[in-house]
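Structure first, then comments.
The values are calculated or read from the model by the stated rules, or taken from the named source; none is laboratory data. No experiment lies behind these values; they were computed from the predicted model shown. Quick reminder, even Gly has a Cβ in these numbers, built from the backbone with ideal geometry, and neighbours come from all protein chains shown. What goes into the accessible areas is simple: the full protein's heavy atoms, side chains included, and nothing from ligands, DNA or RNA. Shrake-Rupley method; radii C 1.70, N 1.55, O 1.52, S 1.80 Å.
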Amino acid sequence: MNAFTITSHYGLHEIRSRNRGSHRAPLPSNFNILLNSGMQIHITWPAGHTTATLDETPTSKALAGALPITSTARTWGQEVYFDTPVTTALEAGARQVVEPGTVAFWTEGDALALPYGPTPISRGEECRLASPCNVLGRLDDDPDILATVRDGDPIRVELVGS
């Protein structure tokens, strides 16, 4: 069995193998996804699609167990959200202000929330959700792709590889 150590310094990463020495090189932009490969979901709507990588949380596990799902997209400022069949409690670490592209679960509405910019209650350019939400992961693509989702669009979520 080989052991690896990965260190980073100013965007240059060193991969050191116990048996084979070390190698310095830039790593692919999706390296963290490859290294920490969580569960990946595919989200589709009439004008587009994206993927997201979810961390292992109680809510993401519950969501995975309910997939595939088809729902109706709703928009609220620069946030897309839609109902799911999942009901879960607020987790430690739930947040109301998140980064664009965060995959969140709104426990008060049993809905997946995908912010890509300000909402009607944001202060400045922040992504402020309606209330604290469980953070599940991040979109793998540019969050602005969500601007192509229209209120009322059918939206489907499934596990990648399903």
Legend entry - Matching entry among 89, 73 (being open to solvent by 10 Å² or more (accessible area, probe 1.4 Å) and more than 15 Å from the chain's Cα centre (by Cα)): 89
Inset, instruction - Inspect segment 141-154 for any residue being open to solvent by 50 Å² or more (accessible area, probe 1.4 Å), among the charged types (D, E, K, R) and touching a strand residue (DSSP E or B) at 6+ places or on another chain (Cβ under 7 Å) and give the result as yes or no. - result: yes
Inset, instruction - Kindly indicate whether any position in segment 98-115 is touching a Ser or Thr at 6+ places or on another chain (Cβ under 7 Å), surrounded by fewer than 16 Cβ atoms within 10 Å (Cβ to Cβ) and not in a loop (DSSP other than H, G, I, E, B). - result: no
Legend entry - Among (1) open to solvent by 50 Å² or more (accessible area, probe 1.4 Å); (2) among the β-branched types (Val, Ile, Thr); (3) at pLDDT 80 or above - the single one residue 50 does not satisfy: (1)
Inset, instruction - Select from segment 136-162 the residues that are among the hydrophobic types (A, V, I, L, M, F, W, C) and either without any contact (Cβ under 8 Å) to a residue 60 or more places away in the chain or not in a strand (DSSP E or B) (or both) and list them in ascending order. - result: 145, 146, 147, 149, 160
Legend entry - Search result, residues across segment 134-157 that are of a type outside the set (Val, Ile, Thr) and within 13 Å of the chain's Cα centre (by Cα): 134, 136, 137, 138, 139, 140, 141, 142, 143, 146
